[in-house]
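The values are calculated or read from the model by the stated rules, or taken from the named source; none is laboratory data. Keep in mind that this is a model prediction, so the values were computed, not measured. For neighbour counting, all protein chains shown are included, and Cβ atoms are generated from backbone atoms with ideal geometry for every residue, glycine included. Accessible surface is based on the protein model in full, side chains and every heavy atom, while ligands, DNA and RNA are left aside. Shrake-Rupley method; radii C 1.70, N 1.55, O 1.52, S 1.80 Å.
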Amino acid sequence: MKIREAFKLAAEGIRTNPMRAFLTSLGVVIGVAAVIVIIAIGEGARAQVISNIESLGSNIVYVTQGSAKPVPYSRQSSVLDSSVFVTLKGKVPGLVGAAAELTRGGAQVRYEKNTVTATVLGGTEDYMEVRNLELLTGRQFTKSEMDEGARVCLLGSDLADELVADGTLIGRQVKVDGVSYRVIGTFSGSAMGILRAMAGIKLYQVLIPLTTAQRRITGTGAVSSIYLKVARAEDMEAVKEAAEKALIEKMAYEENFTVTSQADLLDTLNTITRTMTYLLAGIAAVSLVVGGIGIMNIMLVSVTERIKEIGIRKALGATKQDILGQFLIEAVMISCAGGAVGMALGWSIAAIASKIAGWPSLVPWYSVVLALSFSMGIGLFFGVYPANKAASLQPVDALRYE
Amino acid sequence: MLISLRDIIKEYPMGESSVKALAGVSFDISEGEFVAVMGPSGSGKSTLMNILGCLDRPTSGEYKLAGRLVSSMGDKELAHTRNRDIGFVFQAFNLLPRLTALENVMLPMSYGLVPASSRRSRAEEALGALGLSDKLHNKPKQMSGGEQQRVAIARALVLHPKMILADEPTGNLDSKNSDDIMRALSRLNEQGRTVVLVTHEKDVAAYAGRCLRFRDGRLVGDTVKPERGQCDED
Ligand SMILES: Nc1ncnc2c1ncn2[C@@H]1O[C@H](COP(=O)(O)OP(=O)(O)OP(=O)(O)O)[C@@H](O)[C@H]1O
Ligand SMILES: [Mg+2]
C-alpha cells in the first residue's frame with residue numbers, strides 16, 4: 001500500500017470519530033500550549049529585563065562592599081566610604097562620570113495623612129546622570145545643597161503619585177522617618193522599569209544628597225555602592241582592573257569589596273531566567289507525556305473495536321506493515337494535529353499575555369520545533385504498542401472476533 | 001496441481017488435552033475444478049477453508065499452493081498470496097460497513113499492484129457483472145443479504161485470483177438469492193477459475209463437479225461428477 005493511501009486511511013479513521021480524536025489530542029494540545037507559553041513568556045521576560053538593564057547604560061562598573069571570595073574576619077574592617085569614592089574618581093582613568101550611593105530601605109515617607117514605605121537613596125552630584133535617572137519636574141540638587149547636607153529631596157514618580165493623587169509636591173515638605181525635607185523635583189528612571197515590568201510592582205524611591213543621607217542615616221561616611229561610568233565599552237576590563245588596584249591600595253590590601261560590570265550582571269541574569277524557563281517548561285512537558293498515554297489508551301480501544309476490520313483487511317491482502325502503518329499514522333496524526341492546535345493556542349496565549357504585561361512576545365523557533373517534534377515522537381512512541389498489537393493479529397482470530 | 005494437501009492436522013489446545021479439528025487430511029485439487037465440501041457441523045470444514053485461504057496455519061502437514069509450500073512463506077508473501085491468488089467469500093459477507101459497495105470492491109486493489117487510475121473502472125466492471133451497477137454507492141446496510149454477498153463475490157474476483165474459496169456463501173440467504181450466488185460462482189468456474197465451496201445444502205452442492213465429504217476432521221468421501229443424491233449428508 002502506498003504511503004498516500006495509508007495517510008488517507010488513517011485520516012478516515014479519525015473522521016469516523018472526530019469527537020474522540022479531538023478529546024484524545026486534548027492532552028497534547030494542552031501540553032504543547034503550556035510549553036510554548038512558558039518558553040515565550042520566559043524568553044520575553046528575559047529580553048525585557050536585559051533591555052532594561054542595558055538601558056541603564058551598558059558601560060557601568062559597580063563597586064560594592066563585601067566580597068564573594070572568603071575574607072578572614074580580621075580583614076573585614078575596611079569599609080567603602082566617601083574617601084574611597086574620591087580616590088577612585090581621581091585614580092581610575094577613562095571615566096566619564098562617577099557616583100556614590102547610600103541606600104536604606106523601609107523608610108516611612110509621609111505627606112499630610114499619607115504614609116508610604118520607600119527606599120532612601122543618598123546620591124552624589126552626578127548620581128542621576130550616571131544612573132540614567134530622568135528629571136521629570138523641578139530641579140536637581142545644587143552644589144551648595146550637596147556640600148552642606150541640605151534637607152531637600154527628589155521623589156520618584158511612583159512615590160510622588162502615591163503621596164498626592166494630583167497636583168505637585170514641589171516646594172512642599174514631606175517627612176522621611178520623621179525628618180522634614182523640602183521637595184525640589186521628581187524623577188523616573190529606567191531602573192524602575194525592570195521591576196515594574198516584571199510584576200507591575202511600584203518602586204517607591206526618594207533621592208536626597210549623599211551628605212544628608214550619611215548624616216541622617218548612618219552618621220558615618222560609609223556608602224553602599226560606587227558607580228563608575230566608563231567612556232568606551234572596550235575599556236571596561238581595564239577600568240575594572242584599575243579600580244581593583246586602586247581599591248586594594250586604598251583599603252590597606254583588604255579585598256573586602258566586589259567590582260562587577262554590566263556584562264557580569266547580564267550573564268548571571270541570563271543564567272537564572274533561562275534555568276527558570278527550562279524548569280517550568282520541563283514541568284509542562286510532563287503533561288505531554290500524560291497526553292501521550294491518553295493517545296495510547298484510545299488507540300488500544302480503537303484497535304479492539306476494529307479487530308474484525310483488521311481481519312477483513314488481512315484476508316484481502318493487507319500485510320503486517322499495512323496495518324501497522326494505518327494505526328501508527330493515525331496516532332501520529334492525532335498527536336501532530338494536537339501539537340499544531342496547541343502551538344496556535346500557545347502562541348495566542350503568549351501574545352495576549354505579553355500584551356498585558358508589556359513584554360515583547362517571543363516564540364523562539366526552537367520551542368516550535370521542540371513542541372512539534374515532541375508531539376510527533378509522542379504519537380510514534382505511544383502509537384507503536386497498539387499498532388503492533390493490531391498488526392500481529394492472526395487473520396482467522398481477527399475474523400472470528402465479535 | 002493447484003492445491004495439494006498432505007497429512008494436514010489442525011489441533012486446538014483445550015485445557016490439558018486438545019481438539020483435532022483436522023486429523024490428517026490429504027487431497028489434491030487441479031486448476032479449474034468446482035469442488036463442494038460437505039459434512040456435519042463441527043467436522044472441520046471451516047478449519048480446512050481457513051487453511052486453504054492462508055488465513056490460518058496447520059499444526060502439521062504440507063500445503064502446496066500452485067507448487068509453492070505455504071508453510072515456508074513469510075508474512076509478506078502470505079499477504080500477497082491472499083491478495084492475488086485467493087478470493088475469499090464468507091458466510092457473514094464481511095464487508096466493511098463504513099464503505100460503499102464500490103469502495104469495498106476497491107479494497108483488495110489498494111493492497112495490490114493495480115494502478116490507482118484503473119481501480120474504479122475495474123470495481124465497477126466486477127459489480128456490473130454481478131448485476132449491481134445501480135448499487136455502487138450503497139453502504140452494506142442499504143443492501144439485501146443477497147446483494148451484500150454479490151458485492152463480496154465481486155470483491156473476491158476483482159483481482160482475478162486463481163481460486164475462489166467460499167465458506168457457506170448461501171448460508172444466510174433464501175433459495176432465490178442462493179441460486180443467484182451459485183449461478184455467479186458457476187459462471188466464474190466456467191471462465192476457468194477454481195472454486196471450492198462449503199455447504200450444507202445438496203441443491204447448492206449440485207452445482208459442483210466434485211464433492212468432498214468430511215466427518216470428525218477426516219475426509220470420508222471424494223466423488224467426482226456426483227449424481228444427484230450422491231453428495232448427501234449421511
Ligand atoms: N478457535 C478454535 N478453538 C478451539 N476449537 C475450535 C476453534 N475453531 C474450531 N474449533 C473446533 O474445531 C472443530 C471444527 O470446527 P469447524 O469450524 O471447522 O467446523 P465446521 O465443519 O465448519 O462446522 P459448521 O458446519 O458448523 O460451520 C469443532 O469441533 C470446533 O469446536
Ligand atoms: Mg463452518
Check your understanding: Can you list residues whose amide H is under 5 Å from residue A:97's amide H, if they're 5+ apart or on another chain and H is modeled 1.01 Å from N?
Key -> A:229
Exercise for review: Kindly provide the trypsin sites (Lys or Arg not before Pro) of region B:96-173 that DSSP labels as loop, not H, G, I, E or B, and whose Cβ sees at most 12 other Cβ atoms within 10 Å.
Suggested key: none
Review point. Taking GluC sites (Glu not before Pro) as exposed when DSSP calls them loop (any state but H, G, I, E, B) and at most 13 other Cβ atoms lie within 10 Å, what is the longest stretch of chain B free of them, the sites themselves excluded?
Key: B:32-226
Review point. Tell me, how many Å apart are the Cα centres for region B:189-225 and for region A:357-402?
Key: 50
**Study point:** Cα→Cβ-extended label distance, 7 Å offset, between residue B:120 and residue B:18, nm
**Key:** 5.1
Exercise for review: List the residues whose amide H sits under 5 Å from the amide H of residue B:171, counting only those 5 or more places along or on another chain, with H placed 1.01 Å from N in the peptide plane.
Suggested key: none
Check your understanding: Can you pull the percent of region B:1-141's accessible area that's carbon plus sulfur, 1.4 Å probe, other chains left in place?
Key -> 51
**Study point:** Computed label-point distance, nm, for sites residue B:179 and residue B:191 using a 7 Å Cα→Cβ extension
**Key:** 2.3
Study note, to complete from the structure: Here FRET efficiency (C-beta to C-beta, residue A:135 to residue A:373, R₀ 56 Å, nearest 0.05) is 0.60
Point to revise | Signed unit charges on C-beta, dipole axis of the protein assembly as shown, positive-most listed residue A:387, B:217, A:290 | key: B:217
Exercise for review: Order the peptides A:17-23, A:221-227 from the highest to the lowest mean number of other Cβ atoms within 10 Å of their residues.
Suggested key: A:221-227, A:17-23
Exercise for review: May I ask you to find the residues of region A:300-334 that are shielded by at least 20 Å² of accessible area once the whole protein assembly is considered instead of their isolated chain (probe 1.4 Å)?
Suggested key: A:308, A:309, A:312, A:313, A:314, A:315, A:316, A:317, A:318, A:319, A:320, A:321
Practice item. Please report, as a whole percent, how much of the solvent-accessible surface of region A:262-402 comes from carbon and sulfur atoms (probe radius 1.4 Å). Key: 75
Point to revise | Accessible area that becomes buried as B packs against A, both chains, 1.4 Å probe, Å², nearest 100 | key: 2200
Revision key, fill the gap. With the 1.4 Å probe rolled over protein heavy atoms, region A:99-191 has an accessible area per residue in Å² of 45
Review point. Residues of region B:73-114 with accessible area at least 30 Å² lower in the all-protein-chain context than alone (1.4 Å probe)?
Key: B:75, B:76, B:79, B:82, B:90, B:94, B:96, B:98, B:107, B:110, B:111
Point to revise | Among A:321, A:64, B:170 - extreme Cα towards positive end, dipole of the protein assembly as shown, charges at beta-carbon | key: B:170
Check your understanding: With point charges of +1 on the Cβ of Lys and Arg and -1 on the Cβ of Asp and Glu, referenced to the Cα centre of region B:94-135, which listed residue (B:101, B:123, B:113) lies farthest in the positive direction of the dipole?
Key -> B:113
Check your understanding: From the phi of every residue in region A:378-388, what ³J(HN,Hα) in whole Hz does the Karplus formula 6.51 cos²θ - 1.76 cosθ + 1.60 yield, where θ is phi - 60° and glycine or proline is x?
Key -> 5, x, 5, 4, 8, x, 4, 4, x, 5, 5
**Study point:** Cα-centre dipole for chain B with unit charges at Cβ (Lys and Arg positive, Asp and Glu negative), debye to 20
**Key:** 660
Point to revise | At 0.890 mPa s and 25 °C, Stokes D of region A:284-367 from Kirkwood alpha-carbon radius, µm² per second | key: 157
Study note, to complete from the structure: Scalar couplings 3J(HN,Hα) for region A:303-311 by Karplus 6.51 cos²θ - 1.76 cosθ + 1.60 (θ = phi - 60°), nearest whole Hz, x for Gly and Pro, are 5, 4, 5, 10, 4, 4, 4, 4, x
Point to revise | Accessible area of chain B divided out per residue, in Å², using a probe of 1.4 angstrom | key: 43
Exercise for review: Name the residues whose placed amide hydrogens come within less than 5 Å of the amide hydrogen of residue B:22, ignoring near sequence neighbours (fewer than 5 apart) on the same chain.
Suggested key: B:10
Review point. How about region A:354-402: which of its residues lose at least 20 Å² of accessible area in the presence of all protein chains relative to their chain isolated, using a 1.4 Å probe?
Key: A:394, A:395, A:396, A:399, A:400
Revision key, fill the gap. Distribution output for the protein assembly as shown: share of Cα-Cα pairs per 20 Å bin in percent, first bin at 0, values 15, 29, 17, 13, 15, 10, 1
Review point. In debye, nearest 20: dipole of the protein assembly as shown around its Cα centre with unit charges on the Cβ of K, R (+) and D, E (-)?
Key: 440
Point to revise | For the protein assembly as shown, calculated [θ]222 nm from helices alone, where every DSSP H run of n ≥ 4 adds -39500 (n - 2.57) | key: -15500 deg cm²/dmol
Point to revise | Percent RCO, i.e. relative contact order, over region B:39-120, from Cα pairs under 8 Å lying at least 6 residues apart | key: 19
Exercise for review: Can you spot the lysines whose alpha carbon is less than 18 Å from residue B:202's alpha carbon? Ignore those fewer than 8 places along the same chain.
Suggested key: B:45, B:176, B:225
Check your understanding: Between residue A:237 and residue B:31, how many nm apart are label points set 7 Å from Cα along the C-beta direction?
Key -> 8.8
Revision key, fill the gap. Expressed as a percent, the portion of alpha-carbon pairs in chain B spaced more than 34 Å apart is 14
Check your understanding: For region A:251-290 and region B:73-107, what is the separation of their C-alpha centers, rounded to whole Å?
Key -> 63
Study note, to complete from the structure: Expected vector for region B:5-22, Karplus 3J(HN,Hα) from phi with 6.51, -1.76, 1.60 and θ = phi - 60°, integer Hz, x for Gly and Pro, equals 10, 10, 6, 6, 10, 10, 10, 10, x, 10, x, 5, 8, 8, 9, 8, 6, 10
